[in-house]
Amino acid sequence: MRDWTESGGHLACPCDDCGTAKRTAEGTAKGTTQGTATRHRVGPVIIVLKLGFAALLLITSAQFAQARDPDGRYANSPLKQWFDGLRSGKGPCCSDADGSAVSDVDWESKDGHYRVRLDGQWIDVPDEAVITEPNRVGRAMVWPIRGYMGVTIRCFMPGSMT
């Protein structure tokens, strides 16, 4: 016999442990050794793909983390200075770009306290978050802060409820 394939898969075994030699020969014939080498080469490729995906995810999330006035549409608003100066007892409210208008059915006043419906859930507005100066835009606005503990209200400006 010149090689293993001509022997029909059976090699002469010079040692006592012929089963091991046969399994080794079968593994070599089936490409197990080659498959293992291929598997080891695939590992770095998967790592590179995962790193590339993570980098792409970071780049994409950075786009969403930018200021919410990317086209400058609020920069020339006559109310920009007023919005920038809005403060509640919790501090500055930021600007119009950070606040959200609230429709009349999504906020209410009861016994001198406010609550707002955000994402389908009613949230009590802390008294120190209420803006006490007159509302120049007429509609109610809220500046929510979304965190791992849920939604809190940084500023709330009641509307005229018309």
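Bear in mind these aren't lab numbers, they're just calculated from the coordinates by the rules spelled out. A quick note: this is a predicted structure, and the numbers were derived from the prediction, not measured. All Cβ positions, glycine included, derive from the backbone under ideal geometry; neighbour counts span all protein chains shown.
Things worth noting here:
- Peptide packing for 125-132, 105-112 was compared via the average number of neighbouring C-beta atoms within 10 Å per residue; ordered from the highest value, the list is 125-132, 105-112.
- Per residue Cα convex hull volume in Å³ - calculated over the range 80-157: 95 Å³
- Extending 7 Å from Cα along the Cβ direction at V45 and again at E133 yields two label points whose distance is 6.2 nm.
- Cβ charges +1 (Lys, Arg) and -1 (Asp, Glu), total dipole of the range 80-157, debye: 160 debye
- Were the residues from I59 through D111 laid out at 0.36 nm apart, the gain over their Cα-Cα distance would be 14.0 nm.
- At R0 = 22 Å, FRET efficiency that the Cβ-Cβ distance of S103 and V151 yields, to 0.05: 0.80
- Measuring nothing but how far apart in sequence close Cα pairs (under 8 Å, 6+ apart) lie, relative to its length, the range 80-157 scores a relative contact order of 30 percent.
- Of the peptides 148-157, 78-87, the ranking by mean beta-carbon count within 10 Å, highest at the top, reads 148-157, 78-87.
- Fully extended contour minus Cα-Cα distance, from L118 to C94, at 0.36 nm per residue: 6.7 nm
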